[in-house]
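Undergrad: Dropping the structure in here first, questions after.
The values are calculated or read from the model by the stated rules, or taken from the named source; none is laboratory data. Remember, predicted model here, so these are calculated numbers, not experimental data. Counting neighbours? That spans all protein chains shown, and the Cβs are built from the backbone with ideal geometry, glycine included.
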């Protein structure tokens with residue numbers, strides 16, 4: 001069988017998340033700009049003061065790192081997950097079908113939903129987990145399910161499952177990642 005690209009995964013984070021990420025990036029740039037001006041103006045050489053004042057903005061950026069990373073890569077058309085007829089490329093690691101032991105998905109939604117409020121829900125990250133026969137696990141974000149999403153039929157999780165069914169690789173799918 002010839003190696004041919006079947007699916008290129010593009011993560012759509014949604015407009016609200018992109019606005020929040022852009023706002024955090026702008027705050028970070030302004031914060032660092034004014035921080036450097038203050039350091040130059042007052043000639044402060046205290047590493048502890050620098051560390052303590054930059055710690056909150058670094059923590060905020062670490063929390064939003066997956067969003068910023070996949071947003072940047074989607075703009076540059078680099079994908080973490082590619083599905084080929086002969087295998088899977090996940091995080092720049094190509095695995096042929098004979099090297100893969102199982103494929104599992106994690107939707108981010110709980111099986112039993114006991115919510116204390118109704119209405120707006122936070123976005124849920126959907127991930128794919130690939131376990132090779134050596135026991136190494138690879139994972140990446142394949143989609144985000146958010147409250148205002150209109151086309152749930154165009155969900156990457158659903159597309160990948162259908163394509164695996166079409167490639168006759170349904171026997172590789174299991175649910176071990178959902179039970180975590």
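Undergrad: Could you give me the residue pairs with C-beta distances under 8 Å whose first residue belongs to the range 139-163 and is under 10 Å from residue 11 (Cα atoms), whose second residue is outside any strand (DSSP E or B) and at pLDDT 85 or above wherever it lies, and which are 6+ apart or on separate chains?
TA: Hits for this filter: 142/160.
Undergrad: Looking for whichever is within 18 Å of residue 169 (Cα to Cα), at pLDDT 75 or above, surrounded by fewer than 10 Cβ atoms within 10 Å (Cβ to Cβ) and not assigned by TED's automatic domain parsing to the domain that holds residue 68 here; the options are 134, 89, 98. Which one fits? Don't jump to the end; show me each part of the working.
TA: Details: 134 fails: within 18 Å of residue 169 (Cα to Cα); 89 fails: surrounded by fewer than 10 Cβ atoms within 10 Å (Cβ to Cβ).
Going through 134, 89, 98 in turn, the sole match is 98.
Undergrad: Quick one: is residue 157 in contact with a strand residue (DSSP E or B) (Cβ under 7 Å, 6 or more places away or on another chain), modelled with pLDDT of 80 or more and either more than 19 Å from residue 66 (Cβ to Cβ) or part of a strand (DSSP E or B) (or both)? Even if it seems obvious, please write down each step before you answer.
TA: Numbers: in contact with a strand residue (DSSP E or B) (Cβ under 7 Å, 6 or more places away or on another chain): yes; modelled with pLDDT of 80 or more: yes; either more than 19 Å from residue 66 (Cβ to Cβ) or part of a strand (DSSP E or B) (or both): no.
No; evaluated as a whole, the condition is false for this residue.
Undergrad: Failed condition for residue 40, given (1) assigned to a helix (DSSP H, G or I); (2) exposed (fewer than 10 other Cβ atoms within 10 Å of the Cβ); (3) at pLDDT below 70, with all others met?
TA: Only one criterion is unmet by residue 40, namely (3).
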